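Working notes, structure below.
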Amino acid sequence: MNPPSRPPRSARRPREVGSGRASITGAPKLADRAYYRAGIAEAEATLRSARAYFYEVTDEAWQALVDGGEVRDVQSAHLRLSAAHLARTASQVVHQVVSLSGTAAIRQDHPLPALLNDALVPQEHAILSPAIYDAAGAVLMGQAPTVPAFR
């Protein structure tokens, strides 16, 4: 597996945003606020957990194919489920970071609004939609998937 690619240089990381100047109101910079640090840490853990699930099941399915086998229905359900979960989780994490970042994140030149829009798109695709949760759940319960072309 190749490691995930890095975000473009134009996208400021929360550390860079948080370590910026103090607020116009005189409030401390974001990195000096406990809620910001805790929220960013939670967002990091949440995203990495969802990504790890996706990579874990992708690796399992890949290994089954490399070993000359097939991807079983349960593995396929986990592939679909992990992809849908990652898309939804990534969108929620970006929204959380935007919320934590305050009014600075609403400026036209700030990268977060564009990232928020980008994060909304994948979860709207049919193969990543909430219907996948039901279809994957059906397969995990030994039933037929509830969406067409699931296998």
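The values are calculated or read from the model by the stated rules, or taken from the named source; none is laboratory data. Nothing here was measured: the structure is a model prediction, and the numbers come from that model. Here the Cβ is made from the backbone with ideal geometry for all residues, glycine too, and neighbour counts use every protein chain on show. Just the protein is used for accessible areas: all its heavy atoms, side chains included, with ligands, DNA and RNA removed. Shrake-Rupley method; radii C 1.70, N 1.55, O 1.52, S 1.80 Å.
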Residue that is free of Cβ contacts under 8 Å to residues at least 24 places away in the same chain, within 17 Å of L79 (Cβ to Cβ) and out of contact with any His (no Cβ under 7 Å at 6 or more places or on another chain), where the choices are V139, V147, V121: V147
- line: All-but-one check, S129 against (1) without any contact (Cβ under 8 Å) to a residue 24 or more places away in the chain; (2) of a type in the set (S, T, N, Q); (3) closer than 24 Å to G142 by Cβ, failing number (1)
task: Please verify whether the range 84-99 includes one or more residues that are open to solvent by 70 Å² or more (accessible area, probe 1.4 Å), over 26 Å from A144 (Cβ atoms), modelled with pLDDT of 95 or more and assigned to a helix (DSSP H, G or I).
output: no
message: Considering only the range 124-143, I want to know if a residue exists there that is modelled with pLDDT of 90 or more, of a type in the set (S, T, N, Q), over 21 Å from L30 (Cβ atoms) and not in a loop (DSSP other than H, G, I, E, B).
response: no
